[in-house]
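*Asks:* Pasting a structure below so you can have a look.
The values are calculated or read from the model by the stated rules, or taken from the named source; none is laboratory data. A quick note: this is a predicted structure, and the numbers were derived from the prediction, not measured. FYI the Cβ positions are ideal-geometry reconstructions off the backbone, even for glycines, and counts take in every protein chain you see. Heads up: the accessible areas ignore ligands, DNA and RNA and are worked out on the full protein's heavy atoms, side chains in. Shrake-Rupley method; radii C 1.70, N 1.55, O 1.52, S 1.80 Å.
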Amino acid sequence: MALVPNQHKNSNDDISKLLNRDRKYCVQLYEEIWHFLIGLNKNAKVDQSELMDVLASSFEYLLKNLGSGDFNAKSTLKTYAFSIAKNQFYKFFESKKQRKHLSYSKMDEHEQKSDIRVGYSDFEEEIYRLEFTNLSKKCRWILRYVNRGYTHTTIANKMGYNNRHVVKNLALRCKNKLKMLIKNNSDYQNYMKNDN
Amino acid sequence: MTTDIFKYLEGNDSPKEKDAFEKRMTSDAAFKEEVMLCQNINQFIEKKVQDEEINEFAKEIHYDFLKRQKKRKGVPTYSWYAVVAILIIALGIFGVWFEQNSIHRFYKSNYRAWQPGSINRGTSTEAKYSEWLEAYEHGDFEFAINEFKQLPLEQQTDAIVVLMYACAFIEADEFEQALNILNATSTAYSTMLTGEYNWYKGLCYLKLDDDLKAKNAFALLLTNNKYGTLASEILKKLD
């Protein structure tokens, strides 16, 4: 994701720390979101373990939205993170049907829009899982490691390959194989036809 | 042909090949449709991979955060009296530690995640269970924990699968969670694995320093063919 020029110059540093998975910064931000949620929770008195769930999902949504370029350049990263947390908190409350204490409509418009963008449907997810199990054992393990963010060198060491280039080529072949399986799945073809 | 389409979409074609492709797309509607389908698959898979990486990273940050929270709660405020008290207690703790160390050495040398060996691995239609089992046997306990709820209900209530699920939590050092699982399982299900269930419960209680409950669990194993000798050994250390 390209860093956008923005009136808050520190925000670009924060965004790149988050995108580069700077662990220290991410844990610090995580804590700040937690304190923000505790503040929101003063009147609501949501159970701590449920508040932790809201925290975890807020952080995940923040990472996903940043990845898909939904960050509003006019605010700081922290403001954006807090607006996502607020959105998630109120949504959680709605699902618990405790509207008499809080109202979704009390959020600003931009907070309401700080929502997750998934990018694929439940059906596509199901097809992915199904066809994934049709890959060879070797392919499944390579893709699992790649999906978890391991480098090709680490994967080569784990799986006993000579070098990372072997892993890179194998990963590409396995990914293409998976794409072919999905493409040839008749249910998926019908789904795409109906969708269009 | 499909491989060629994916190659084109990934930008790996030469300019000549790319031109030929684009010309064909403008004149052949069916081919264009196929390319669009492949493009959808590409985008969806890239997104899925990205999301999985994000999920894993978010979990790691969450655990780091929890560790930090626990550490913070344990920080004492120092004073001279506290320092003296700590010194006195430290001597007593050393003695206990020396004894406890032998118990933890016992745990280390006797604990292994339970392995299913040759069991019915399901038919080809039970792909999820087969994959789950494979991941567990390969030591991918994190996968086993995360994907347990995706298994068919029949497997989620199977005593063997539940035992492996509990062992996955033990591997992740989540002993309380493992105990919740082992204790929640009905004895009617676990009859054939009663020995195993009590053994792992005992080990979890040991790690949680609950000697009384550990003793109770190991005491049930004294007449067990597989675990009797080991249970007797640990009970002597706990007395």
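*Asks:* Output the 0 to 90 degree angle, nearest 10, between the alpha-carbon long axis of helix B:127-137 and the longest principal axis computed from the alpha carbons of chain B.
*Replies:* 50
*Asks:* Identify, among B:130, B:164, B:45, the residue whose Cα sits farthest towards the positive end of the charge dipole of chain B, taking +1 on the Cβ of Lys and Arg and -1 on the Cβ of Asp and Glu, with the dipole about the Cα centre.
*Replies:* Final value for the positive-end residue is B:164.
*Asks:* Give the lysines reachable from residue A:91 as a straight Cα distance under 25 Å; neighbours fewer than 8 places away on the same chain don't count.
*Replies:* A:42, A:45, A:64, A:74, A:78, A:100, A:106, A:113, B:47, B:48, B:59, B:149
*Asks:* Any chance you could check region B:130-152 for residues losing 50 Å² or more of accessible area when the partner protein chains are in, compared with the chain on its own (1.4 Å probe)?
*Replies:* B:131, B:134, B:138, B:140
*Asks:* For residue A:42 and residue B:86, what does the FRET efficiency come to when R0 = 35 Å and r is the distance between their Cβ atoms, rounded to the nearest 0.05?
*Replies:* After rounding, the FRET efficiency stands at 0.45.
*Asks:* Could I ask something else about it? Treating the angle as unsigned and between 0 and 90°, give the value, to the nearest 10°, between the Cα long axis of helix B:15-27 and the longest Cα principal axis of chain B.
*Replies:* 70
*Asks:* Shifting gears a bit: Connecting C-alpha atoms closer than 10 Å in a GNM of chain B, tell me which of B:171, B:142, B:22 has the biggest fluctuation.
*Replies:* B:22
*Asks:* Could you give the alpha-carbon Rg of region A:34-93 over 2.2 N^0.38 Å, rounded to two decimals?
*Replies:* Relative to the 2.2 N^0.38 Å estimate, region A:34-93 comes out at 1.12.
*Asks:* Roughly what angle does helix B:80-110 make with the longest principal axis of chain B, taking Cα atoms, 0 to 90 degrees, to the nearest 10?
*Replies:* It is inclined by approximately 70 degrees.
*Asks:* So which lysines can residue A:138 reach, going by Cα to Cα under 19 Å and dropping same-chain residues fewer than 8 places off?
*Replies:* Residue A:138 reaches A:158, A:168, A:175, A:177, A:179, B:128.
*Asks:* Which values, in whole Å and largest first, are the semi-axes of the equivalent ellipsoid of region B:126-239 obtained as the square root of 5 times each eigenvalue of the Cα gyration tensor?
*Replies:* Working from the Cα gyration tensor, I get semi-axes of 27, 15, 12 Å.
*Asks:* What value, in deg cm²/dmol to 500, does the helix sum -39500 (n - 2.57) over DSSP H runs of n ≥ 4 give at 222 nm once divided by the residues of chain B?
*Replies:* Dividing the helical sum by the residues of chain B leaves -24000 deg cm²/dmol.
*Asks:* Rounded, prolate or oblate: which fits chain B, taking a ≥ b ≥ c as square roots of the Cα gyration tensor eigenvalues, rounded meaning a/c under 1.5, else prolate when a/b beats b/c?
*Replies:* Oblate shape, in that a/c is at least 1.5 and b/c is the bigger or equal ratio.
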